[in-house]
Amino acid sequence: MRIPSTGDLPNPEAGPDGQAGPLSSWHAHLLTLDRRQCVLFCHDVTRYVLFLPGLRAPQLAELGRWHRDLFLAVLEAQGLAHHHIANAGLTLGPLQMDRNTDRSVLASMNRVAGDLQFGLLRKTANVMELDPIRTSLWLNDRPCTVHKKWIWPDKALREIVEAL
């Protein structure tokens, strides 16, 4: 899949109205686990992680829809009220890609990838047996650091979504 150059895309920090939104700015990482392409999404501010296992090329072409659907499903499984989930869906906006990176976010994503590879995958025979919703919930129920400050991703994102 060809990623357009940065000049071809709108600002990824901008929400649907052109302003930076609290749910904008996610990083994505394509990794191979058990010879399957998997995608990790990580929210820059809260380090909230979404895990999609076993994607194929046609699914990668619809990555924005997969991200949105999984994000809303994980919020529902986390127990957020339906009106908060609806507001989160409206605030999320369309997926936009660029080539900007944040070393702190990448370090968090590498730690999550290690947790998957050397933690969860040792307990199952195949990455396709991992439920994306349960796995995402498990990955977010752990402390992590953001610029030398400890946070819990699930609690941090819950606060943002409930404040919308």
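The values are calculated or read from the model by the stated rules, or taken from the named source; none is laboratory data. Worth saying up front: this structure is predicted, and the values here are computed from it rather than measured. Cβ placement follows ideal geometry from the backbone for every residue including glycine, while neighbour counts extend to all protein chains displayed.
It is to be established whether one or more residues within segment 105-125 are within 20 Å of ARG65 (Cβ to Cβ), surrounded by 18 or more Cβ atoms within 10 Å (Cβ to Cβ) and among the small types (Gly, Ala, Ser). There is no residue in segment 105-125 that is within 20 Å of ARG65 (Cβ to Cβ), surrounded by 18 or more Cβ atoms within 10 Å (Cβ to Cβ) and among the small types (Gly, Ala, Ser). Hey, ARG99 hits all of (1) assigned to a helix (DSSP H, G or I); (2) surrounded by fewer than 16 Cβ atoms within 10 Å (Cβ to Cβ); (3) touching a Ser or Thr at 6+ places or on another chain (Cβ under 7 Å) but one; which does it fall short on? All conditions pass for ARG99, except number (1).
Conditions tested, residue by residue: (1) touching a His at 6+ places or on another chain (Cβ under 6 Å); (2) closer than 30 Å to ASP141 by Cβ; (3) at pLDDT below 85.
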{"residue": "PRO10", "(1), (2), (3)": "no, no, yes"}
{"residue": "GLY15", "(1), (2), (3)": "no, yes, yes"}
{"residue": "SER24", "(1), (2), (3)": "no, yes, yes"}
{"residue": "HIS27", "(1), (2), (3)": "no, yes, no"}
{"residue": "CYS42", "(1), (2), (3)": "yes, yes, no"}
{"residue": "VAL49", "(1), (2), (3)": "no, yes, no"}
{"residue": "PRO53", "(1), (2), (3)": "no, yes, no"}
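The residues of segment 118-164 that are touching a Cys at 6+ places or on another chain (Cβ under 9 Å), within 16 Å of VAL105 (Cα to Cα) and part of a helix (DSSP H, G or I) amount to a single one, PRO153. Being surrounded by 19 or more Cβ atoms within 10 Å (Cβ to Cβ) and of a type in the set (Gly, Ala, Ser) is the filter here, so list the residues in segment 126-164 that pass it. Result: SER136, single match. Being surrounded by 16 or more Cβ atoms within 10 Å (Cβ to Cβ), part of a helix (DSSP H, G or I) and polar (S, T, N, Q) is the filter here; which residues of segment 48-96 pass it? ASN87, THR91 - these are the residues of segment 48-96 that are surrounded by 16 or more Cβ atoms within 10 Å (Cβ to Cβ), part of a helix (DSSP H, G or I) and polar (S, T, N, Q).
Check whether at least one residue in segment 119-137 is touching a residue at least 40 places away in the same chain (Cβ under 8 Å) and farther than 19 Å from LEU40 by Cα, and report yes or no. Scanning segment 119-137, I find no residue that is touching a residue at least 40 places away in the same chain (Cβ under 8 Å) and farther than 19 Å from LEU40 by Cα, so the answer is no.
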